[in-house]
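Worksheet: the structure to be examined is printed underneath.
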Amino acid sequence: MATEKQVLPESADRELTPEEVKDALMALRKQYCTDLRNDLGIDVVFPAGAKMGDVDLSGKTLDAVFAMLIQPLQTYEPPIIRKQEEPEKKEDEPLPIWLKGHEKLIWKGATDNPLWEVEEKQYGNEVTFAYARRNRRLKPGKSVGEQERTLEPINNSFTVNEWKVIKVLLSEYTDLERRMRGSPDVRKEARKQMLEILQGENALRESGLSLFRKSFPQASSGRKNGENSSNLLRERLNAALEKVAKTTRGFKKESIDADALTQRAAEMLSQILVLNRTRGDGRERVPKAKEGIKEIPSFERNLGELARCLDTQRDLKKGLTLMIGEAGTGKNEAAEYVAAKTERPYFWFPCGRGMEAAEMVTHYEFDSKEGTQRFLTALAEGIQTPGAVVMIDEVNALKPEVQAILHGLGDSNRALNFDGIYIPVAEDVLIIIAGNPATYGSAGSLGQALLSRTRGQSMVMEYPGLRKGELQARKEGWSPALLQEKETQDNALRDYACDEVLVLYETMNEFSGLTNQDFALLWDCVVNEKTQGAKRTELEANPRLQPLMEGNSAAHITKTLVDLRDILEIADEWRKHYEKRQGGFDLLGMSMRDTIAIVQRYKELRDVRKSYLSVFDDFRKNPIDGLDSVYNALENLIDQKIGAA
């Protein structure tokens, strides 16, 4: 039988991950167990007295031993430690136009990255512990639904005397963590000892010590024959016992079950070691820019305004950025997008009517042993994360006395202070408070004290612009009267802007393969033909556009573009009515999610009226809170814009 040599992945410059070790073992198992059995009917059996570390293999098949080695790798936590490597370099992306002049918003990382530490509580002769970092707490055995990450259940209860010994080991571990910040040689030695902690915990679980000796030969160097990681950990615990016995009157070593305490110490040290090796610096909370988001002209302007406000806050190191906008203008999307593009962690905290001040800071959980405990909210967690963008949404829905808790976040000595909890704002955190205009149903007013902390850092999120003049007016700060005057002087300002339609056109199969520049040219030549007819020559010279405007396809393309224009014109009128709370549209705005849904429906129906009424048909069938009147208003608006059915 021909066999192919199996080679573990290269490990000259790094340790193997459990997944890599598992894959290599499975390949070896197939070659020397499954294939031998299938081809020759042979099972390899270990002779009497055969051992692997401290594990007796007498009479076991090779297949069973491989299974024993592979099983813990399926569920093993914590993971094997990798060497600290330089973060993967991203390809340089062009700086967005809206971020130019505000480059300092791009987050370069925190100057401080504190460790997880063990927090103890004593109840009589019993000591329990949790892991704490920046006012956050994790408890063994709690799931991700109860805290930010799931930890394997371990016994976290010790006697007072046991805890005295454990504290000596914890002190040694903390010293190792400090040494990890030293020279390369010091870090190497500290890492070796940390690996021994992990291996010791694993050895005590009988999970195949020799496997890890092969994977981490540097961690075994200098050991005597027969010496293993669990013995080394036991030696450290024995030394700790001796130290406590010498310094504590009445302490009796015989009262401590050293074997059991070694096991539990290994479990605890293993958990906190991995928490610290994977604690990150907040970058794990940096969002990815959503694929569907396009920097269309109106959104680009909104992003530029938001960048200006946040850069002011960053420069002054105080204040709050106020973002006011109607429902559906994309406030949340803009905040998260800026966080993604500036590589900052992002936290979103929604407010609501009836919310009390305590709910801004903590939520409560009952523990049968420790009673009711307080845990921090996303707001409290976010302001402790260096470099974070913290979005406090619907802030004007809060009662004035609840808004008052946010005042400290905008002061020069930035902090959240409530009911004995004092949380200073971390380095370079940027805070946004967002809400709808006071005319919006559930929205109230912002208190003057809170509003004063947004001076020079406030902005208005606008819906996309329908006409070119509207976009120009926003950019130049023209009044409605001045815009009207400008339009009489330049008819092109009345043209339909290629703005929101840049998000919609890709839905249509007719325009697949076109760039934004291609579509903008096509849009101008067809929809704005009266003022942009001179661009026709440019269109005819474009190899992607010219076939669309020939023969029978020309009429179809023209109708599709005109229908897209009508969809946007109806949406724009709805938005203008909504902003003024008139015309039957006082309950709901028209978001870009809505226009996308309408165009998706239009793709099937090819009829503007049917597409609109189909998308909002539930308003008619479920007349809740007056939505039936919105449906009736929509029918009337469609009649006005494109004629009665």
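The values are calculated or read from the model by the stated rules, or taken from the named source; none is laboratory data. Treat the numbers as computed from the prediction; the structure is a model and nothing was measured. Please note: Cβ atoms are built from the backbone with ideal geometry, for glycine as well, and neighbour counts cover all protein chains shown. Please note that ligands, DNA and RNA were not included when accessible areas were found on the heavy atoms of the full protein model with its side chains. Shrake-Rupley method; radii C 1.70, N 1.55, O 1.52, S 1.80 Å.
Treating r as the C-beta distance of residue 593 and residue 27 and R0 as 45 Å, the FRET efficiency rounds to 0.40. Partner lysines whose Cα lies under 17 Å from the Cα of residue 621, excluding those fewer than 8 positions away in the same chain, are identified as 610.
Here residue 167 is the anchor, and the lysines within straight C-alpha reach of less than 26 Å, apart from those fewer than 8 places off in the same chain, are 121, 139, 142, 188, 192, 243, 246, 252, 253, 369.
Projecting label points 7 angstrom from Cα along Cα→Cβ for residue 542 and residue 67 puts them 6.6 nm apart. Projected onto its three principal axes, the C-alpha set of segment 398-511 covers 62, 40, 32 Å, listed from the longest axis down. For a paramagnetic label modelled at 7 Å from the Cα of residue 494 toward its Cβ, which residues of segment 513-531 fall within the zone defined by backbone nitrogen distances under 18 Å? Answer for this model: 524-531.
Accessible surface for segment 597-642, divided over its residues, is 54 Å² per residue with a 1.4 Å probe.
Summing Cβ point charges (Lys, Arg +1; Asp, Glu -1) relative to the Cα centre of segment 151-190 gives a dipole of roughly 180 debye. Its Cα centre serving as origin, segment 471-588 has a Cβ charge dipole (Lys and Arg +1, Asp and Glu -1) of approximately 200 debye.
Remark: segment 504-552 carries a charge dipole of roughly 120 debye about the Cα centre, counting +1 on each Lys and Arg Cβ and -1 on each Asp and Glu Cβ.
Subtracting the Cα-Cα distance of residue 353 and residue 149 from 0.36 nm times their residue separation leaves 70.5 nm of extension gain.
Counting Cα-Cα pairs of segment 500-645 in 5 Å increments starting at 0 gives whole-percent bin shares of 2, 9, 18, 21, 17, 12, 10, 6, 4, 1, 0.
Output the pairs from 288/475; 486/580; 22/341; 108/331; 294/475 with a Cα-Cα distance over 30 Å in this structure; if there are none, say none.
In this structure, 22/341 exceed 30 Å between Cα atoms.
Extending 7 Å from the Cα toward the beta-carbon at both residue 52 and residue 288 defines two label points whose distance is 3.7 nm. Heavy-atom surface analysis with a 1.4 Å probe gives segment 261-339 a carbon and sulfur content of 48 percent of its accessible area.
Subtracting the Cα-Cα distance of residue 157 and residue 506 from their residue separation scaled by 0.36 nm leaves 119.7 nm.
Its Kirkwood hydrodynamic radius, worked out from the mean inverse distance over all distinct Cα pairs, puts segment 564-645 at 12.6 Å.
In a fully extended conformation the segment linking residue 100 and residue 187 would gain 27.3 nm over its present Cα-Cα distance, using 0.36 nm per residue. Across segment 498-638, the relative contact order, built from alpha-carbon pairs under 8 Å that are at least six residues apart, equals 19 percent.
State the answer as a single residue: which of 578, 630, 597 lies farthest towards the positive end of the charge dipole of segment 552-645, with beta carbon charges of +1 for Lys and Arg and -1 for Asp and Glu, about the Cα centre. Comparing the listed Cα positions along the dipole, 597 ranks first. Calculated accessible area for segment 396-495 comes out at 47 Å² per residue, all protein chains present (probe 1.4 Å; ligands, DNA, RNA ignored). Within the assembled protein chains, the solvent-accessible surface assigned to residue 255 is about 80 Å², based on a 1.4 Å probe. Per residue, the accessible area of segment 294-366 comes to 37 Å² when a 1.4 Å probe rolls over the protein heavy atoms. Take the Cβ atoms of residue 552 and residue 639, set R0 to 30 Å, and the FRET efficiency comes out at 0.45. Within the full protein context, the accessible area of residue 170 is estimated at about 20 Å² for a probe radius of 1.4 Å. Annotation: amide H-H contacts under 5 Å for residue 430 (H modelled 1.01 Å from N, sequence separation of 5 or more, or interchain): 388, 389, 390. Peptide packing for 24-34, 313-323, 179-189 was compared via the average number of neighbouring C-beta atoms within 10 Å per residue; ordered from the highest value, the list is 313-323, 24-34, 179-189.
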